[in-house]
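As structure tokens, the structure follows; a few thoughts come after it.
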Amino acid sequence: MSEMSLPERDRRCLWHPYTQMKDYARRELPVIERAEGLFLYDLQGRRYYDTISSWWCILHGHRHPTIARAVHEQLDRLEQVLLAGFSHPPAIELAERLVAITPPGLAKVFYSDNGSTACEIAIKMSLQYWRQTGHPERNRFVALERGYHGDTIGTMSLGGVPEFHQAFAGLLFDSYRLPAPECYRCPMGKERGECGLECLTPFAELLEREGKHIAGFILEPLLQAAGGMNIYPPAYLQKAADLARAHGVHLILDEVATGFGRTGRMFALEYADLAPDFLCLSKGLTGGFLPLAATLTTDEVYEAFYGDYAEGRTFFHGHTFTGNPLGVAAALGSLRVFAEEDVFGRLGRTIPYLHRKMARLRELPWVGDLRLLGTVAAIELVKDRKTKEGFPPADRVAWPLHLQGLEEGILLRPLGNVVYLWLPLSVTEADIDEITDRLWRVLADPGRFGGWPRT
Ligand SMILES: *Cc1c(COP(=O)(O)O)cnc(C)c1O
């Protein structure tokens, strides 16, 4: 029997996430053998710019030596220990650091291992908080259309991306949904930058009517990522947060995607004046090295769980790898890079440069909208710029664009009609030149791969 290739062995026994495996029935997926800086290298030695930061988590480039060293050193001391009834030095140090770099009210850190659990923990804590403070009637949650908080049953229940979650509708709990602050297709019929945040009126009305039954309001600050890279103004975030606060509703900020510099600030919440009750972190937390998550909350929430064991106030939640020492060491390494390398100084130059380079894409008539925030740049493709008519899902324009991107050595995984770059913070001006040129080549000639009729 001849030896099977790695892609063949992959096909035989590996089931990939968010992937229709039939797409690979006759096509080999790239098998990545190593990575360095901005690049992924496959078995054939082909090189790809990691233009989506390996699903939004790589910060300082692949295998950054400072983080690698931190993990190596940790590996020589302690690889894993339970965090129930035990602690370990890096877990303590990282908790201190996270409390120090987030808004003043956040004082306690609860670890887990992925973004979905970070959000699920916030929801459970909020619910149990109200139960234990004499308000069991506060048991409903509010979320946004096009919001995304993970793939567990709980977080899907607060998701607003039916494409992903409709198969599981029967399992999800009831919650309130607000219109997405989608400025390109304003639900209130306004133009971007010329509105009075009318899309928050339904929230104000809901709070008037049901406020006393609402435990918490969860949203992704400034950038609804998985829902289609919808970027919305800080004024919306501010007013939404103020409304929630005025009705005693917990503000749960999901910064799993936006945290750690991606938006040009350490956290997206810094674009407004906010005091969240919960802050959910993961993805970039370890610089993309290892799975780790953290849910931060206030002393007030913590106190509601504090008491004699017999009072039954304990938070019964935990994951085997909660606060895994290697992950925590990687996170400390990543924070060290922020401190040592003037990351934000560099971003002060590269982000405006990226935004300028992206502007050229507006010349293409099928580029309907260009949305920019930090190192994230998203393009919404339309059939007709005037009517903003999109390409029907059945056309699946994302697929040829993905394949064409691979040909050009960039990673594109469009969300429906939205093509985006989600660049590592370490990207340079020269990288940006190269990446945006390649993106231009992918988008400029859609006829080549049967995308859509040319205008
Ligand atoms: C990715 C993501 C999650 C889920 O994180 P996982 O680690 O994939 O479970 C939650 N919230 C937001 C905003 C995300 O982008």
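Read the figures in this text as sums done on the coordinates, not as results from a lab. Values in this document were obtained by computation on a predicted structure and should not be read as measured data. Cβ placement follows ideal geometry from the backbone for every residue including glycine, while neighbour counts extend to all protein chains displayed.
Say each of Glu270 and Met4 gets a label point 7 Å from the Cα, pointing the same way as Cα to Cβ; how far apart are those two points in nm?
It works out to 4.9 nm between the two label points.
Can you compute the helix-only [θ] at 222 nm over the chain? Use -39500 (n - 2.57) per DSSP H run of at least 4 residues, normalise by all residues, nearest 500 deg cm²/dmol.
-10000 deg cm²/dmol
Once the cut-off is 35 Å, how many percent of the Cα-Cα pairs in the chain end up in the long-distance tail?
Looking at the chain, the distances longer than 35 Å represent 32 percent of pairs.
Over all alpha-carbon pairs in the range 113-170, figure out the percentage whose distance exceeds 16 Å.
Tail fraction, whole percent: 47.
Which whole-Hz ³J(HN,Hα) couplings does the range 264-280 yield from phi under the Karplus relation 6.51 cos²θ - 1.76 cosθ + 1.60, θ = phi - 60°, glycine and proline marked x?
Couplings: x, 10, 4, 10, 4, 4, 5, 6, 10, 10, 10, 10, x, 8, 9, 10, 9 Hz.
From the phi angles alone, apply the Karplus equation (6.51, -1.76, 1.60; θ = phi - 60°) to the range 56-73 and give each ³J(HN,Hα) in whole Hz, x where the residue is Gly or Pro.
Per-residue couplings from phi come out as 6, 10, 5, 10, 9, x, 6, 6, 4, x, 5, 6, 4, 5, 4, 5, 4, 5 Hz.
Per residue of the range 75-88, what does 6.51 cos²θ - 1.76 cosθ + 1.60 with θ = phi - 60° give for ³J(HN,Hα)? Whole Hz please, x for Gly and Pro, Karplus curve as stated.
Residue by residue, the range 75-88 yields 4, 7, 10, 7, 9, 6, 8, 5, 9, 8, x, 9, 9, 8 Hz.
Based on the Cβ-Cβ distance of Tyr184 and Thr320, what FRET efficiency does E = 1/(1 + (r/R0)^6) give at R0 = 41 Å, to the nearest 0.05?
FRET efficiency, Tyr184 to Thr320: 0.45.
Can you tell me how much longer the chain between Arg396 and Ala359 gets when fully stretched, taken as 0.36 nm per residue apart minus their C-alpha distance, in nm with one decimal?
Fully extending the segment from Arg396 to Ala359 adds 10.8 nm.
Quick one: longest stretch of the chain between exposed loop chymotrypsin sites (Phe, Trp or Tyr not before Pro), exposed meaning at most 10 other C-beta atoms within 10 Å and loop per DSSP?
Values: sites that count: Trp15, Tyr18, Phe86, Phe316.
In short, 87-315.
Provide Rg over Rh for the range 145-285; use the alpha carbon set for both Rg and the Kirkwood Rh (inverse mean inverse pair distance).
Values: Rg = 14.5 Å, Rh = 15.5 Å.
Radius of gyration relative to Kirkwood radius: 0.94.
What's the longest uninterrupted piece of the chain once you rule out the GluC sites (Glu not before Pro) that are loop residues per DSSP with at most 12 other Cβ within 10 Å?
138-455
Just list whichever of Lys357/Lys388; Lys22/Lys357; Lys22/Lys283 have alpha carbons separated by over 31 Å in the model shown.
Pairs exceeding the cut-off: Lys22/Lys357.
Using the Cβ atoms and a cut-off under 12 Å, what net charge is assigned to the surroundings of His319, where Lys and Arg are +1 and Asp and Glu are -1?
In short, -2.
Taking amide H positions as placed in the peptide plane 1.01 Å from N, state which residues far from Asp369 in sequence (5 or more) or on other chains have amide H under 5 Å from it.
Here Glu380 satisfy the definition.
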